[in-house]
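> One structure, pasted below without further comment.
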């Protein structure tokens with residue numbers, strides 16, 4: 001729904017969800033609908049106030065029953081405001097790498113690259129993956145979708161990612177072992 005380019009209301013979301021899972025009748029579905037009702041009843045609140053209702057005032061956990069309602073709540077309030085959405089989620093604290101990644105995917109599906117602050121893009125440091133690599137990969141995927149062909153994705157920098165991760169592993173292990181030693 002985020003990628004369709006139209007502003008989504010909570011009722012639109014609920015209707016689409018109902019159409020997808022109308023054959024389901026179990027506790028999980030009813031519980032999810034009650035979370036959507038909770039979001040709907042509290043959309044006039046700010047993010048911090050809604051986090052308190054979820055009993056997450058000390059930060060949003062990565063637990064699905066906390067993460068998903070908060071992501072939906074912030075997305076519904078910031079559908080075309082990537083920076084505002086991400087800033088709101090990160091300010092709530094908690095498991096921000098998980099919650100912001102999920103929210104970024106949802107809000108990002110409905111926005112354009114130009115909606116992401118330029119300095120955020122310029123400062124991405126995830127060697128060997130670069131902004132240019134992601135742009136080229138995205139262009140290939142768009143071309144495949146438009147031509148309805150299978151992706152012939154450029155060689156992923158897998159060996160370089162493995163090397164990077166091994167270097168990080170050594171650093172983390174050295175740091176951990178250093179902490180086992182007595183202080184200076």
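> Of the residues 128, 117, 157, which is more than 24 Å from residue 64 (Cα to Cα) and touching a strand residue (DSSP E or B) at 6+ places or on another chain (Cβ under 8 Å)?
Of 128, 117, 157, the one residue that is more than 24 Å from residue 64 (Cα to Cα) and touching a strand residue (DSSP E or B) at 6+ places or on another chain (Cβ under 8 Å) is 157.
> If you check 103, 72, which single one turns out to be farther than 28 Å from residue 131 by Cβ, part of a helix (DSSP H, G or I), modelled with pLDDT of 95 or more and under 11 Å from the mean Cα position of the chain (by Cα)?
72
> Given the criterion modelled with pLDDT of 95 or more, loosely packed, with under 13 Cβ neighbours inside 10 Å and in a helix (DSSP H, G or I), identify the matching residue among 49, 31.
49
> Taking the stated definitions as given, is residue 43 closer than 22 Å to residue 84 by Cα, exposed (fewer than 14 other Cβ atoms within 10 Å of the Cβ) and either under 21 Å from the mean Cα position of the chain (by Cα) or free of Cβ contacts under 8 Å to residues at least 60 places away in the same chain (or both)?
Yes.
> Please work out which one of (1) surrounded by 12 or more Cβ atoms within 10 Å (Cβ to Cβ); (2) farther than 30 Å from residue 52 by Cα; (3) modelled with pLDDT of 85 or more is the condition residue 117 fails and give its number.
The number of the failed condition is (2).
> Whether any residue in region 65-76 is in contact (Cβ under 8 Å) with a residue 60 or more places away in the chain and within 22 Å of residue 18 (Cβ to Cβ) is what I want to check.
Within region 65-76, one or more residues are in contact (Cβ under 8 Å) with a residue 60 or more places away in the chain and within 22 Å of residue 18 (Cβ to Cβ).
> Among the candidates 96, 67, single out the residue that is at pLDDT 85 or above, closer than 25 Å to residue 8 by Cβ, in contact with a strand residue (DSSP E or B) (Cβ under 9 Å, 6 or more places away or on another chain) and surrounded by fewer than 18 Cβ atoms within 10 Å (Cβ to Cβ).
96
Rundown of residues vs (1) exposed (fewer than 11 other Cβ atoms within 10 Å of the Cβ); (2) touching a residue at least 12 places away in the same chain (Cβ under 8 Å); (3) not in a loop (DSSP other than H, G, I, E, B), yes/no style:
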site	(1), (2), (3)
8	no, yes, no
20	yes, no, yes
35	no, yes, yes
38	no, yes, yes
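> Still on this structure, I have one more. With the structure loaded, tell me whether residue 134 is surrounded by fewer than 17 Cβ atoms within 10 Å (Cβ to Cβ) and free of Cβ contacts under 8 Å to residues at least 40 places away in the same chain or whether it fails that test.
So residue 134 passes the test.
The values are calculated or read from the model by the stated rules, or taken from the named source; none is laboratory data. Not measured: the values here are computed from a predicted model. Cβ coordinates were reconstructed from backbone atoms using ideal geometry, including for glycine residues, and neighbour counts include every protein chain displayed.
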